[in-house]
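The values are calculated or read from the model by the stated rules, or taken from the named source; none is laboratory data. Just so you know, these numbers come straight off a predicted model, no measurement behind them. Cβ: placed from backbone, ideal geometry, glycine included. Neighbour counts: every protein chain shown. What goes into the accessible areas is simple: the full protein's heavy atoms, side chains included, and nothing from ligands, DNA or RNA. Shrake-Rupley method; radii C 1.70, N 1.55, O 1.52, S 1.80 Å.
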Amino acid sequence: MTEKISEQGEQQESQLQDERPRKKHWLWRLMKFVLFAAIFLVVIFTVISKMGGNSPVLKGAIEDFLSDATGYKAEIETLNRMTFFPNISVDVEKVTLRNLETASLAVSVDKARISFGFFDVAFSTGKIRLLDIRGVSAAPGALMDQPVSVEYFSILKDGSAESAKPFLGGKGMIGASAFDFRIGAQESGSVYNPKYALAKDEPFQASLGPLSATATLKRPGSGDFLFENFELVRAGTPFTSGDLHIKRRGGTVKFQGQLKFLPSGTRLEPDLVIELGEAEQISGTLESPVFYLDDIKGGGPFDLLAEDISRIFTPDREEPDDKGLSFGTANVDALLELKEIRTGTLTLGHIKAPLLIRDNWLKMDKITGALGGGPLEGHVKLTPLPETPGMFALESAFKLRGLDYGALQKQIREEAPVDGKADVALRLSTQGRSFDALLEGLSGEAILIAGEGRFKSDLLNIWGGGLVNALLPDLNKDASLKLNCAIMDFQIKEGLADAQTLFVDGASVTVAGKGTYNIPKDRLDIVLKPKPKSISIGDVATAVKISGSLADPKIAPDTFSIGTKIGGLLLGTVNPAFWAFTLADLGLNDNHPCATFIEQKNEEMKGQNVKGGEEKEAAAPPSQAGEGINE
């Protein structure tokens, strides 16, 4: 037993003695490899460091690189120096980029000095040693439609003191609009060999024409830009504030934010992904927790901002642009959701719409939501006409059932005794090269049908500056009006909505009307004539004319229409086929209050026509009437 243990110990000792030379052998090999690699790198870096200079070969190489990168013919008048190690740097003067076909000057640069540390480039640290570009001038169409000039685009300091903070800044002109920007930077390295990088938590400020922006720029990671407390000011007035987060990974850019627009309070929360390329792919959602319709009307904040941007980036043209509408080259597949739509103090409802843009056409299928408590559904399609470049065709249709106008009115006056619902159908189509042209060419039909309801007379005076007072001046403002039925049918052609049927029947009065509404110009031209059912107000009812805009209509007596018989405006003009079509289109049934009312009134009109004809014949037979005239 003792002998076996002794033999095992001798074997283990022998193995250990064999392993020690092997370890020394591999360690020596590793040391030789490291030494060889170090010597090799020293030689390589020495060679690279000697490759710089200002030779014609290097200048030609830079010109070729710029030509390939820009698509222009690049020429450099002076190459002061180019290095590869320890810094990759270039220092040039009088650089020009010319159109390959016409040789016209597109871009010129007076001076450009750029320097990166070799290892900063190798390891993508995001640091730069020197950036100073001066005197850039770009002709219209080279960088954008407007001419562009850049006084400087450089890393600078606020002074010459050692404590002065660096920043990345630029200043110049886009067309006739001045711009400048400033982003805080961080400094590292030695005093004689500093390095700079965009700060991770520094102020940002920029201005362009009447627009100025400020924020705190944070960089959570490489390719991340978080603009906290972002504020955009237009012409000295705050326009929007919030946070923006832009994150780039390779060819993908993610755009997120929470923005509040002032003074209305509209809020937008984009969550979009942009795939960069020849045709960008945009997907994601654009949500609005609160959206005020007044912001997008003519003269509203968004309209004014769009005008500013157009004025800055679009040159003045003596002749109108005949290229037509364009959605650019981007493909969009996103969801638009307005969770709470408001106008003034009214909360109207909500809308959700998938937005699809492909090959310069736009489609919003299956638009859903609710307005005024009633379910909404519809679609919009805007497509280019292949046979006419720049021309677009618009098709849209919407249905709104059970619009609770009583609930909407009570948002204005909580105690308002209003009760009633209406159904709305809208079909529109048009063609045009611009949005204005599309609006001017609108055709289709707009229908509103309301059943039984009740409201106080003074409520209609809120809209129209005293409509009820003008129609029925002797009616008490606190009188309760009962609605039996209301029908409005507007046929639309080339932007003009013509009232085919326009009447309201109540317990005390029937109102009929005719006229038009010019949609592009927002101009009303409608005459309403009342027929009182009460003897006490029968002698004072008068026709009125409504003119002006929808938001601010003007009401005045219409003396020229007082002699018009209301029978000529009433339901005798309502085609029963219209009612049958509307029933099917809006999903109504024969029990709707207007169905019975239309049938009853049509019978009354027929009876009046027959009776009137008999009386006329008895009073003046044709032969006798002729004889009387001759006499």
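Using a probe of 1.4 Å, the accessible surface attributed to Lys493 totals some 140 Å² when neighbouring protein chains are kept in position.
For Asp91, Asp295, give the ranking by accessible area with the largest first, probe 1.4 Å. Kindly include the intermediate steps, with their values, before the conclusion.
Values: Asp91 45, Asp295 5 Å².
Descending accessible area places them as Asp91, Asp295.
Need one number: the % of Cα-Cα pairs in region 75-204 sitting beyond the 24 Å mark. The proportion of pairs with Cα distances above 24 Å equals 40 percent. Legend: residue pairs Lys381/Lys421; Lys171/Lys521; Lys59/Lys195; Lys94/Lys165; Lys254/Lys399; Lys254/Lys381, Cα-Cα distance threshold 32 Å; pairs beyond threshold, Lys171/Lys521; Lys254/Lys399. Label sites at Asp436 and Leu105, each approximated as a point 7 angstrom past Cα along Cα to Cβ, lie 3.6 nm apart. Across region 45-154, Cα pairs under 8 Å and at least six residues apart give a relative contact order of 18 percent.
For Thr125, the accessible surface of its heavy atoms amounts to roughly 70 Å² (probe 1.4 Å, protein chains only, rounded to the nearest 10). A 1.4 Å probe over all protein chains sorts Lys195, Lys260 by accessible area into Lys260, Lys195, starting with the largest.
Our summary gives region 178-288 a relative contact order of 14 percent, counting only alpha carbon pairs under 8 angstrom and 6 or more residues apart.
Accessible area per residue was computed with a 1.4 Å probe on protein heavy atoms; Ser429 scores about 50 Å².
The modelled label-to-label distance for the pair Arg81/Arg134, using points 7 Å beyond Cα in the direction of Cβ, is 1.7 nm.
Given a 1.4 Å probe and heavy atoms of the protein chains only, how would you sort Val121, Val109, Val57, largest accessible area at the top? Present the calculation step by step, with values, prior to reporting the outcome.
Details: Val121 70, Val109 30, Val57 115 Å².
Reading off the accessible areas and sorting them downward yields Val57, Val121, Val109.
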